[in-house]
1. Only one of these is modelled with pLDDT of 80 or more, at positive phi and not hydrophobic (A, V, I, L, M, F, W, C): 5, 68, 27. Name it.
2. What about residue 32, is it within 22 Å of residue 167 (Cβ to Cβ), aromatic (Phe, Trp, Tyr), at pLDDT 85 or above and not assigned by TED's automatic domain parsing to the domain that holds residue 173?
3. Confirm whether residue 77 is without any contact (Cβ under 8 Å) to a residue 24 or more places away in the chain, in the same structural domain as residue 26 (by TED's automatic domain parsing) and either within 22 Å of residue 35 (Cβ to Cβ) or outside any helix (DSSP H, G or I) (or both).
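The values are calculated or read from the model by the stated rules, or taken from the named source; none is laboratory data. Bear in mind the structure is a predicted one, so any value in this text is a computation, not a measurement. Note: ideal-geometry Cβ built from the backbone for every residue, glycine included; neighbour counts use all protein chains shown.
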Amino acid sequence: MIKLGYARVSTQEQNLALQLDALKKEGCKKVFTDKVSGVKSSKPSFEKLMEYARPGDTIVIWKLDRLGRSTVKLIELMEELKQKGINLKSLSESIDTDTATGNLFFQFMCMLAEHERNVISERTKAGLESARARGRSGGRPKGLSQRYLKISVEVKEMYEKNIYSTVAIREMFQIKSQPTLYKILQYAGADVKGFVKKRD
């Protein structure tokens, strides 16, 4: 049972020193680092860390946002860690899932994940019923996989927040092309009028 550190800076940031110093002070035996944007789903060193970690180990980070910017993805990651018996410690937020208080936080995050899945399921059903009421048969649109259908509501919500560009949204959800993103948004019932000009 050891402490494993993870540090990340975005492509615009340069210095890992602050995070590395904190992780070293915490007593991490091995530290993995990435230099990649938080919206990107692929973080090579973090993926290696997940393969390296064993049950009972603790992954230490400087701050929760080092794991990514999407709350839903963070919750899913915490669920995965729990299933593998790996603890998580965030130094800035004073979160440690190896403690009673931290474990309670962990359980709360898992409850949020379950709630989010239920909400998405209900919205998908409501969307299909609304489509049928407008004379559409529903079902999978041509060219959309089951994975895209499952994330359609989340993609729509991210799009309608008007914070991220369509390129960032595609990277976040691993959507291959702009037309596919357009289809996903249409399926979810988003207002995509003037989509290409407005977003790109």
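1. Numbers: 5 fails: at positive phi; 68 fails: modelled with pLDDT of 80 or more.
Unique residue meeting the criteria: 27.
2. Values: within 22 Å of residue 167 (Cβ to Cβ): no; aromatic (Phe, Trp, Tyr): yes; at pLDDT 85 or above: yes; not assigned by TED's automatic domain parsing to the domain that holds residue 173: yes.
For residue 32, the condition - within 22 Å of residue 167 (Cβ to Cβ), aromatic (Phe, Trp, Tyr), at pLDDT 85 or above and not assigned by TED's automatic domain parsing to the domain that holds residue 173 - is not met.
3. Details: without any contact (Cβ under 8 Å) to a residue 24 or more places away in the chain: yes; in the same structural domain as residue 26 (by TED's automatic domain parsing): yes; either within 22 Å of residue 35 (Cβ to Cβ) or outside any helix (DSSP H, G or I) (or both): yes.
Answer is yes for this residue.
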